[in-house]
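Enquirer: Mind having a look at this structure? Questions to follow.
The values are calculated or read from the model by the stated rules, or taken from the named source; none is laboratory data. Nothing here was measured: the structure is a model prediction, and the numbers come from that model. In this analysis, Cβ positions are derived from the backbone assuming ideal geometry, glycine residues included, and neighbour counts consider all displayed protein chains. For the accessible areas, the whole protein counts, side chains as well, though only heavy atoms, and no ligand, DNA or RNA atoms are used. Shrake-Rupley method; radii C 1.70, N 1.55, O 1.52, S 1.80 Å.
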Amino acid sequence: MGRNQLAEIDPNTDRVIGRYPLPGCRESHGLLIDSEHRLAFAACEENAKLAVFDLEAKKMTAIHSVGADPDVLAFDGGLGRLYVSAESGIISIFDERGRNLEKIGEGFFAANAHSVAVDSRTHRVYLPLQNVGGKAVLRIAAPADKETK
């Protein structure tokens, strides 16, 4: 976080063995790894971007616009769908197309909707909200398109 790079850590020694830049990403924050496709996704908090990093080639391959102050990432492996929640309340949704992402939706969900979780079995998306009429609320969404790839 804050270095705008991805660090590779040897799990046997717990030491950093490589650092890779994320050009165009300012204040990298949230990180999600799609181990099946060997991709990493980093939310760039300061400039509202999402960096795509190829773990095999060890380089960034794409950068996408997302809502202001992106925070938490969630991945539905069954649908190949990535959710990016932002402190601005914007949720950005991407589908994995091979080793690339395609934005399929984006919009305002709720104030401070910056946490998200997904169940890859049911495809339900969970969005906890800290203040809806003075109470904490959990919103649950199920996509209309439940077909797996």
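Enquirer: Just checking, does the range 83-95 include any residue being within 23 Å of A144 (Cβ to Cβ), polar (S, T, N, Q) and crowded, with 16+ Cβ neighbours inside 10 Å?
Expert: Yes, the conditions are met somewhere in the range 83-95.
Enquirer: Which residue, of L73, L79, is over 20 Å from H29 (Cβ atoms), at pLDDT 90 or above and open to solvent by less than 30 Å² (accessible area, probe 1.4 Å)?
Expert: L79
Enquirer: Let me ask something else about it. Filter the range 99-139 down to residues that are more than 17 Å from A86 (Cα to Cα), among the hydrophobic types (A, V, I, L, M, F, W, C) and under 18 Å from the mean Cα position of the chain (by Cα), then give me how many there are.
Expert: 1
Enquirer: Determine whether the range 103-119 contains at least one residue that is open to solvent by 50 Å² or more (accessible area, probe 1.4 Å) and more than 30 Å from K135 (Cα to Cα).
Expert: yes
Enquirer: Something else about it: Check the range 118-140 and report whether any residue there is touching a Pro at 6+ places or on another chain (Cβ under 6 Å) and free of Cβ contacts under 8 Å to residues at least 24 places away in the same chain. Spell out how you get there, then give the answer.
Expert: Our first condition is that a residue be touching a Pro at 6+ places or on another chain (Cβ under 6 Å); within the range 118-140, this holds for 123, 138.
Then drop every residue that is not free of Cβ contacts under 8 Å to residues at least 24 places away in the same chain, which leaves 138.
Yes, the range 118-140 has at least one match.
Enquirer: Report whether or not V66 is open to solvent by 10 Å² or more (accessible area, probe 1.4 Å) and modelled with pLDDT under 95. Explain how you work it out, then say what you get.
Expert: Working: open to solvent by 10 Å² or more (accessible area, probe 1.4 Å): yes; modelled with pLDDT under 95: no.
It is false that V66 is open to solvent by 10 Å² or more (accessible area, probe 1.4 Å) and modelled with pLDDT under 95.
Enquirer: I need the full set of residues from the range 8-24 which are part of a loop (DSSP other than H, G, I, E, B) and under 21 Å from H64 (Cα atoms), in order please.
Expert: If the condition is that a residue be part of a loop (DSSP other than H, G, I, E, B) and under 21 Å from H64 (Cα atoms), then L22, P23, G24 are the ones that fit.
Enquirer: Here is a follow-up. Of everything in the range 34-49, what is over 15 Å from N4 (Cβ atoms) and open to solvent by less than 40 Å² (accessible area, probe 1.4 Å)? Give them in sequence order.
Expert: Correct list: D34, L39.
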